[in-house]
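The values are calculated or read from the model by the stated rules, or taken from the named source; none is laboratory data. Since we're looking at a predicted model, the values are computed, not measured. In this analysis, Cβ positions are derived from the backbone assuming ideal geometry, glycine residues included, and neighbour counts consider all displayed protein chains.
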Amino acid sequence: MKFRFLCLPLLPLLALALPACNQQPSEDTAATPPPPPPVPGPDLMALADSNAARLLLAYGRQYPGHEVLLQTRLGNMRIRLYDDTPIHTANFLLLARKGVFDESVFNRVVKGLVVQGGGSERRTIALHSYRLPPEIRPGHFHKRGALAMARYDGEMNPDRLSSNNDFYIVQGEKMPPAQARANAGRPLTPDQVQTYATLGGVPGLDGQYTVFGEVVEGLDVIDKIANEPVGTDNWPTTDVDIKVKVLR
C-alpha cells in the first residue's frame, strides 16, 4: 500500500525525522502482488487410500481433461487420456495442474520395455503417498506409447493398487503373434495381436497394471529417452526433466 505524507513546516530537531514533501516511498515499501489463486481440487496431503477414489471422481467430473502435453529436453509427447479410467485420469490431471510432475524426471529407463517418470529428488510440493484402485480394462493394453501407472507387486500389494505419481510409457518391441499370445498376461483380441506385431509393445504387462492413456504424437521421443545412458539403478545419468501441461 502506498502512503500519503502530510507536508508540515519543518521544526527544529524534527526536520530530519520527517519525510520531504512529495517524496515517493522506496521500492521496499511498495505493495507486493498478491499470490496466485490456489489450483482447485483436493488437498494433496488430504488424499489417502480410503478416500482417493471418491475425491478424484468428484474432481474429474468438475474439472475434466482429455489431453496433456508432456515436455522434455528430448522433445514433446501429446497424450490422450481415457474416459473409462476416471480415477487414474483425474489423478493425473490433478497432479499436472498442481505442478507435481513439473518437479519430476524420468527416473527409471529400461530400453526395450518402458520409460518411467514422476519420481523426484527435489520435490517441494507436499504429496501424501495415497494409492489408486485398479482400473484395468480389456480394451486398453501395453502397446507402444501406452501410458500406465506403476505399482508395487507381490504380497505387499495384493489388490494391485496403483502408485499416485509413478507413471510409465511403453516402448516395447514388435513380436510375432505366437510370441505375443504366449507372453500376454491375458487373452488378446486379433486386433491387439496385430498391433503387437506391427507397432510393438509389452504384452506381458497386460492385465497387471492400469493403462489410462496413450501417446498420440511424439512416439519418437520415447526412443530418445530410452537411448539415454543410465546408471546401475536405471536412472538416466543426465536428468530428463518433465513438464506436463493440460491441453483440453
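Numbers at a glance
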| item | result |
| --- | --- |
| Whichever residue in segment 74-88 is of a type in the set (A, V, I, L, M, F, W, C) and touching a Gly at 6+ places or on another chain (Cβ under 8 Å) and, among such residues, is farthest from Tyr63 (Cα to Cα) | Met77 |
| Residues satisfying the stated conditions in segment 32-58, i.e. surrounded by 13 or more Cβ atoms within 10 Å (Cβ to Cβ), of a type in the set (A, V, I, L, M, F, W, C) and closer than 20 Å to Ile125 by Cα | Leu44, Leu47, Ala52, Leu55, Leu56 |
| Failed criterion for Thr232 (all others in (1) in contact (Cβ under 8 Å) with a residue 60 or more places away in the chain; (2) not in a helix (DSSP H, G or I) hold) | (1) |
| Any hit, segment 124-144, residues being at positive phi and in a loop (DSSP other than H, G, I, E, B) | no |
| Yes/no for Gly41 being under 18 Å from Val100 (Cα atoms), at pLDDT 50 or above and not in a loop (DSSP other than H, G, I, E, B) | no |
| Output for segment 52-69, where each listed residue is touching a residue at least 60 places away in the same chain (Cβ under 8 Å) and part of a loop (DSSP other than H, G, I, E, B) | Gly65, His66 |
| Selected residue (criterion: farthest from Arg131 (Cα to Cα)) from residues of segment 180-223 that are more than 21 Å from the chain's Cα centre (by Cα) and hydroxyl-bearing (Ser, Thr, Tyr) | Thr198 |
| Residue check, Val215 assigned to a strand (DSSP E or B), buried (at least 17 other Cβ atoms within 10 Å of the Cβ) and not small (Gly, Ala, Ser) | yes |
| Residue among Gly112, Gly118 that alone is in contact with a strand residue (DSSP E or B) (Cβ under 6 Å, 6 or more places away or on another chain), in contact (Cβ under 8 Å) with a residue 12 or more places away in the chain and surrounded by fewer than 15 Cβ atoms within 10 Å (Cβ to Cβ) | Gly112 |
| Cβ pairs under 8 Å, 6+ apart, first in segment 164-183 and more than 19 Å from Val110 (Cβ to Cβ), second of a type in the set (S, T, N, Q) and surrounded by fewer than 15 Cβ atoms within 10 Å (Cβ to Cβ) | Asn164/Ser129; Pro177/Gln194 |
| The one condition in (1) out of contact with any strand residue (DSSP E or B) (no Cβ under 9 Å at 6 or more places or on another chain); (2) surrounded by 19 or more Cβ atoms within 10 Å (Cβ to Cβ) that Asn165 fails to fulfil | (1) |
| Residue in segment 184-193 that is touching a strand residue (DSSP E or B) at 6+ places or on another chain (Cβ under 8 Å) and either aromatic (Phe, Trp, Tyr) or part of a loop (DSSP other than H, G, I, E, B) (or both) present | no |
| First in segment 202-215 and among the small types (Gly, Ala, Ser), second anywhere and in a strand (DSSP E or B), Cβ under 7 Å, 6 or more apart | Gly213/Ile79; Gly213/Arg80; Gly213/Leu81; Gly213/Leu147 |
| Leu147 vs. criteria touching a residue at least 24 places away in the same chain (Cβ under 8 Å), in a strand (DSSP E or B) and crowded, with 23+ Cβ neighbours inside 10 Å | yes |
| Condition met for Val246 (farther than 17 Å from Ser104 by Cβ and under 24 Å from the mean Cα position of the chain (by Cα)) | no |
| Count of residues meeting criterion [touching a helix residue (DSSP H, G or I) at 6+ places or on another chain (Cβ under 8 Å) and under 19 Å from Ser129 (Cβ atoms)] in segment 76-92 | 3 |
